[in-house]
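A short write-up of the structure that comes next.
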Amino acid sequence: MIPPKGECLPLEPTPSPFHLPHASTAGADDVVAVGGDLSPGTILSGYRGGMFPMHLPDGTLAWWSPAERGVIPPGNFQISHSLRRSLRRFHISYDLDPEGVIDGCADPTRPHGWITDEIKNAYLELFRLGWLHTVESWDDDGNLAGGLYGVSIGGLFAGESMFSRQRDASKVALAHLVGHLSRVTGYLLDVQWVTAHLASLGAVGISRSEYMRKLPAALAAPSPWELSPPEG
């Protein structure tokens with residue numbers, strides 16, 4: 001479950017030995033920089049500078065800041081009638097099975113897969129330090145039906161990936177995430193790029209410059225993960 005305040009998470013890692021440029025210096029391309037590593041300090045430095053890591057097709061590590069950034073603004077999440085019905089079909093947990101969630105997102109049969117073992121191990125280390133959080137959807141038989149994971153720094157939740165093995169399971173997880181984030185003011189829910197699927201749930205695209213204007217306040221905002229777990 002969500003670590004209670006007494007556990008003193010998250011833990012600040014060793015600073016990165018690499019200097020990542022600030023995303024505000026980027027041009028029209030979504031890639032800001034290449035190289036570096038996936039140590040916790042480097043990854044957190046990237047998010048704090050408006051970027052996230054993902055490999056290029058040739059395997060080179062790159063740091064991305066989309067020219068049009070996908071976000072779900074507070075109050076903008078859309079719950080359809082079918083999703084409202086699905087909310088009653090699954091049981092929700094937080095931070096219970098991070099490896100299972102990442103494995104679900106990394107399923108090699110999914111198109112456009114990008115989550116390597118290196119990425120998985122790096123983000124599991126972020127989980128151990130208290131920076132990564134997951135939301136899991138379970139069916140009545142105790143099967144992991146879907147979920148999502150992302151990095152949380154202050155009021156920023158940088159969503160990385162989501163998956164479903166049963167209809168609407170990831171949407172239900174996202175709905176609960178939005179409800180949890182909404183318990184604090186000033187949060188920023190980053191979904192990287194706007195897809196048709198995310199747009200149907202309320203995601204919109206904002207310019208990189210607007211995202212970078214919003215980011216400092218979000219990083220300084222209270223973290224909803226320092227609160228007690230939500231009920232229900």
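The values are calculated or read from the model by the stated rules, or taken from the named source; none is laboratory data. Quick caveat, the model's predicted, so the values are computed rather than measured. Cβ sites come from the backbone with ideal geometry, for glycine too, and all protein chains shown count toward neighbours.
Under the condition of being within 17 Å of MET162 (Cβ to Cβ) and hydroxyl-bearing (Ser, Thr, Tyr), which residue from the stretch 81-110 is surrounded by the fewest Cβ atoms within 10 Å (Cβ to Cβ)?
The qualifying residue surrounded by the fewest Cβ atoms within 10 Å (Cβ to Cβ) is THR109.
Kindly provide the set of residues from the stretch 197-222 that are in a loop (DSSP other than H, G, I, E, B) and over 17 Å from LEU174 (Cα atoms), ordered by number. First the steps, then the outcome.
Within the stretch 197-222, the first condition is being in a loop (DSSP other than H, G, I, E, B), and the residues that meet it are 200-203, 221-222.
Listed by number, the residues that qualify are ALA221, PRO222.
In the set GLY50, GLY46, GLY27, GLY70, which member is in contact with an Asp or Glu (Cβ under 8 Å, 6 or more places away or on another chain) and within 25 Å of TRP114 (Cα to Cα)?
Values: GLY50 fails: in contact with an Asp or Glu (Cβ under 8 Å, 6 or more places away or on another chain); GLY46 fails: in contact with an Asp or Glu (Cβ under 8 Å, 6 or more places away or on another chain); GLY27 fails: in contact with an Asp or Glu (Cβ under 8 Å, 6 or more places away or on another chain).
Going through GLY50, GLY46, GLY27, GLY70 in turn, just one is in contact with an Asp or Glu (Cβ under 8 Å, 6 or more places away or on another chain) and within 25 Å of TRP114 (Cα to Cα): GLY70.
Which of the residues that make up the stretch 187-198 are surrounded by 15 or more Cβ atoms within 10 Å (Cβ to Cβ) and hydrophobic (A, V, I, L, M, F, W, C)?
Restricting attention to the stretch 187-198, the residues satisfying the condition of being surrounded by 15 or more Cβ atoms within 10 Å (Cβ to Cβ) are 187-192, 194, 198.
Within the stretch 187-198, LEU188, LEU189, VAL191, VAL194, LEU198 meet the criteria.
Could you run through the stretch 176-186 and say how many residues are at pLDDT 95 or above and surrounded by fewer than 23 Cβ atoms within 10 Å (Cβ to Cβ)?
Initial filter on the stretch 176-186 (at pLDDT 95 or above): 176-182.
From the residues that got through so far, the ones that are surrounded by fewer than 23 Cβ atoms within 10 Å (Cβ to Cβ) too are 176, 178-182.
Result for the stretch 176-186: 6.
Looking at PRO10, PRO66, PRO15, PRO74 in this structure, which one is exposed (fewer than 14 other Cβ atoms within 10 Å of the Cβ) and in a loop (DSSP other than H, G, I, E, B)? Explain how you work it out, then say what you get.
Values: PRO10 fails: exposed (fewer than 14 other Cβ atoms within 10 Å of the Cβ); PRO66 fails: exposed (fewer than 14 other Cβ atoms within 10 Å of the Cβ); PRO74 fails: exposed (fewer than 14 other Cβ atoms within 10 Å of the Cβ).
Just one listed residue meets the conditions, PRO15.
Please work out which one of (1) out of contact with any helix residue (DSSP H, G or I) (no Cβ under 9 Å at 6 or more places or on another chain); (2) under 20 Å from TRP64 (Cα atoms) is the condition VAL151 fails and give its number.
(1)
I need every pair where a residue in the stretch 189-215 that is of a type in the set (Val, Ile, Thr) and at pLDDT below 95 has its Cβ under 9 Å from the Cβ of a residue that is assigned to a helix (DSSP H, G or I) and surrounded by 17 or more Cβ atoms within 10 Å (Cβ to Cβ), sequence separation at least 6 or different chains.
none
Tell me the residue from SER45, SER24 that is outside the structural domain of GLN192 (by TED's automatic domain parsing), closer than 21 Å to GLY159 by Cα and modelled with pLDDT under 95, please. Break it down stepwise before answering.
On the way: SER45 fails: modelled with pLDDT under 95.
When all the criteria are applied, what remains is SER24.
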